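Have a look at the structure below, then the notes.
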Amino acid sequence: MDIAFIGLGIMGKPMALNLHNAGHTVFVHGRRAESMTPLCDGGCTRCDSPAEAASRAEIIIVMVSDTPDVEQVIFGDNGVIHGAKPGSVVVDMSTISPTATRRFADDLRARGIEMLDAPVSGGDVGAINATLSIMVGGKPEVFDRVKPVFEALGKNIVLVGDNGAGQVAKACNQIVVAVSIEGVAEALTFARKNGVDPAKVRDALMGGFAGSRILEVHGKRMLDNAYPPGFKTKLHRKDMNIVMQTAHELGLDLPAAALVTEHLEVLMNAGDAELDSAAVMKVVENLSGMER
Ligand code: NAP
C-alpha cells in the first residue's frame with residue numbers, strides 16, 4: 001500500500017521503517033529535514049511537506065506530539081488537507097484529546113477524507129519490535145481497510161468504538177499507568193521507612209495480586225533510583241492533562257489521577273521533564289524527607 005508517514009520522532013521513525021520492511025511504499029515527512037535521512041537511506045521516499053506526502057498515499061499516518069501539532073500537520077499551511085485525495089484515510093497515532101479528535105474527524109469527512117484515531121501503548125521498544133498495542137476509533141469498514149497496516153506495527157489491535165474512542169482508551173491506559181506508578185512508589189517508600197528491603201518486597205509482591213508490569217519495570221527504576229526515559233515525564237504530564245481536561249468537560253471527579261498529575265507537575269517544575277515518569281518516586285520520597 002502507498003502510505004504517508006508524518007512525524008519521525010522516537011516512535012515514528014521505527015514505525016515508518018517497519019512499514020517499509022513489511023513491503024509498503026512509504027512517503028515520509030519530518031519537520032527537521034535530517035530526521036528523514038536515515039529512513040530515505042533505508043528506502044522510504046522524502047517529501048517536503050505533509051501535503052506532498054499525503055498527495056502520494058491512500059493511508060496518511062500522523063505521529064506527532066500533542067493536539068495543536070496534529071491540527072497544524074493536518075489543517076495548517078502545507079498540511080495534509082492540501083494534498084490528500086478524496087477517499088484517503090488519515091490515521092492519527094499520536095496521543096491527543098478525544099474531543100479535538102472528533103472535531104478533526106468531522107472536518108475531514110466534510111472534505112471526503114476518512115479518519116481513524118489509533119494511539120498506541122508499548123513505548124519505543126514496542127515501536128521497534130512492532131509489538132505495539134493499538135487502540136482504534138472510527139468506522140468498522142475504515143478499520144478493516146487499514147488493519148493490514150496496523151498489523152505491521154503492533155500485536156494487540158482493538159477497534160474500541162467510533163472516532164475518539166481510541167483516544168479515550170489511551171487516556172484510560174494512562175490513568176491506570178499513572179496511578180499504578182504512584183502506588184508502587186508509595187509502597188516501596190513504605191517498605192524502606194519500615195527498615196525492610198524494598199527490592200525483597202518487590203520480589204514478594206510480583207507473584208500476587210499486586211504484581212504488574214508497572215511493579216516490574218517502573219519498580220526496578222525506582223529501586224535503582226535511575227530514570228532514563230522510557231516515557232518522558234513531560235509526555236506523561238501532557239497525557240494526564242488530556243485526562244483531566246476531558247474529565248472537567250464531563251463533570252467527572254478523578255481524585256487519584258489529579259494527585260499524580262500534580263506530582264508530574266512538581267517533577268516538571270524541578271527540571272525533571274526529560275526523566276522517565278517513574279521519577280514520581282522522587283516526589284513521594286521528598287514529601288517524607290527521604291531523598292536518596
Ligand atoms: P518525539 O520523539 O518528541 O517525536 C515527535 C515528533 O513529532 C518529532 O519528530 C517532531 O518533530 C514532530 N512534531 C511535533 N510537533 C510537530 C508539528 N507541529 N509539526 C510537525 N512535526 C511535529 O515523541 P514520540 O515519543 O515519538 O511520541 C509521539 C506521540 O506518541 C506522542 O503523542 C506521544 O505521547 C505518543 N506515545 C509515545 C510513547 C513513547 O514511549 N515515547 C508511547 C506511546 C505513545 P521535530 O523532530 O522537528 O521536533
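The values are calculated or read from the model by the stated rules, or taken from the named source; none is laboratory data. Everything numeric here is computed off the predicted structure, so don't read it as measured data. FYI the Cβ positions are ideal-geometry reconstructions off the backbone, even for glycines, and counts take in every protein chain you see. Accessible surface is based on the protein model in full, side chains and every heavy atom, while ligands, DNA and RNA are left aside. Shrake-Rupley method; radii C 1.70, N 1.55, O 1.52, S 1.80 Å.
Condition check for N78 on (1) open to solvent by less than 20 Å² (accessible area, probe 1.4 Å); (2) on the phi > 0 side of the Ramachandran plot: one failure, at (1). Cβ separations smaller than 6 Å between residues 6+ apart or across chains give the following pairs from the stretch 101-125 residues that are not assigned by TED's automatic domain parsing to the domain that holds L235 and open to solvent by 30 Å² or more (accessible area, probe 1.4 Å) to residues that are away from the ligand (no atom under 14 Å from the Cβ) and of a type in the set (A, V, I, L, M, F, W, C): E114/V89; E114/V142. Tell me whether the stretch 128-144 contains one or more residues that are aliphatic (A, V, I, L, M), within 16 Å of the ligand (Cβ to nearest atom), open to solvent by less than 10 Å² (accessible area, probe 1.4 Å) and not in a strand (DSSP E or B). Checked against the condition, which is being aliphatic (A, V, I, L, M), within 16 Å of the ligand (Cβ to nearest atom), open to solvent by less than 10 Å² (accessible area, probe 1.4 Å) and not in a strand (DSSP E or B), the stretch 128-144 yields no hits at all. I need a count of the residues in the stretch 147-186 that are in a loop (DSSP other than H, G, I, E, B) and of a type outside the set (D, E). The qualifying residues number 4. Look at S94 and say whether it is on the phi < 0 side of the Ramachandran plot, surrounded by 23 or more Cβ atoms within 10 Å (Cβ to Cβ) and either within 11 Å of the ligand (Cβ to nearest atom) or more than 23 Å from the chain's Cα centre (by Cα) (or both). Here the answer is yes, as S94 does meet what is asked. The condition of being in the same structural domain as G76 (by TED's automatic domain parsing), within 12 Å of the ligand (Cβ to nearest atom), within 20 Å of M115 (Cα to Cα) and more than 22 Å from the chain's Cα centre (by Cα) holds for only one of S55, S49, that being S49. Taken together, D224, D276, D253 contain a single residue that is within 18 Å of the chain's Cα centre (by Cα) and charged (D, E, K, R), which is D276.
Does the stretch 61-84 contain at least one residue that is within 15 Å of the ligand (Cβ to nearest atom) and in contact with a Leu (Cβ under 6 Å, 6 or more places away or on another chain)? Scanning the stretch 61-84 turns up no residue that is within 15 Å of the ligand (Cβ to nearest atom) and in contact with a Leu (Cβ under 6 Å, 6 or more places away or on another chain). Can you run down the residue pairs with Cβ atoms below 7 Å, 6 or more apart or on separate chains, where the first is in the stretch 254-266 and closer than 10 Å to E182 by Cα and open to solvent by 40 Å² or more (accessible area, probe 1.4 Å) and the partner is among the charged types (D, E, K, R) and modelled with pLDDT of 95 or more? Sorted first by the residue in the stretch 254-266, then by its partner, the pairs are L259/E182. The set of residues from the stretch 99-120 being closer than 15 Å to V168 by Cβ and part of a helix (DSSP H, G or I) comprises T99, A100, T101, R102, R103, F104, A105.
Checking each residue in the stretch 225-253 for being within 12 Å of the ligand (Cβ to nearest atom), open to solvent by 40 Å² or more (accessible area, probe 1.4 Å) and in a helix (DSSP H, G or I) picks out K234, L235, R237, N241.
Residues in the stretch 4-26 that are over 17 Å from the mean Cα position of the chain (by Cα) and either farther than 21 Å from S65 by Cβ or at pLDDT below 95 (or both): 6 in all.
The residues of the stretch 15-36 that are touching a residue at least 60 places away in the same chain (Cβ under 8 Å) and surrounded by 22 or more Cβ atoms within 10 Å (Cβ to Cβ), listed by number, are M15, L19.
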